[in-house]
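Novice: Take a look at this one; I'll ask things after.
Values quoted throughout were computed directly from the atomic coordinates according to the rules given, and no laboratory measurement underlies them. All values reported here derive from a predicted model rather than from experimental measurement. Virtual Cβ from ideal backbone geometry, glycine too; neighbours counted across all protein chains shown.
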Amino acid sequence: MQLPITIALRPSASLTAVLLLGHGLALAAVFPCDLPLAGKGLLILLLVLSSFHAVARHAWHRDGPASLILRRDGRMELAWADDSNLELEVVPPTTVHAWLIVLRLRTGRQQRNLVLPPDALGVDNHRKLRVWLCWKAGNTQA
């Protein structure tokens with residue numbers, strides 16, 4: 001694998017669908033509840049706002065990084081559209097599956113999570129990231 005690798009992040013249709021489905025189920029659970037109309041209305045409003053926020057942040061990467069840069073020395077950088085970069089450390093419990101990667105990233109005291117299904121990276125880049133994460137884990141344990 002030739003390093004460094006730059007992997008562009010794209011909006012994820014599958015993550016959007018999962019987030020909307022989860023929020024839709026939560027909305028459906030509000031209706032049979034024995035709450036005053038104002039309480040139901042407030043819950044519905046909060047769930048709708050939560051769904052917009054979750055989809056924009058996690059599935060569409062709004063105001064988030066435009067790409068990941070994987071380095072040979074095990075470092076990872078997030079790159080934004082304005083050409084600013086931020087070096088991060090991948091920390092446990094980062095989760096790696098064939099169908100989903102959840103990156104736990106830390107820089108100083110800040111932590112952030114990136115949820116990356118294959119359609120957010122492309123299948124080939126998703127595989128490259130999984131291989132890089134396994135390679136990095138093997139190097140840090142040695």
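Novice: For Arg62 and Phe31 in one chain, what is 0.36 nm times their gap in residues minus the Cα-Cα distance, to one decimal in nm?
Specialist: My answer for the length gained is 8.1 nm.
Novice: Scan the chain and report its longest stretch carrying no trypsin sites (Lys or Arg not before Pro) that are both in a DSSP loop and have at most 16 other Cβ atoms within 10 Å.
Specialist: Longest site-free region, per DSSP loop and neighbour criteria: 1-61.
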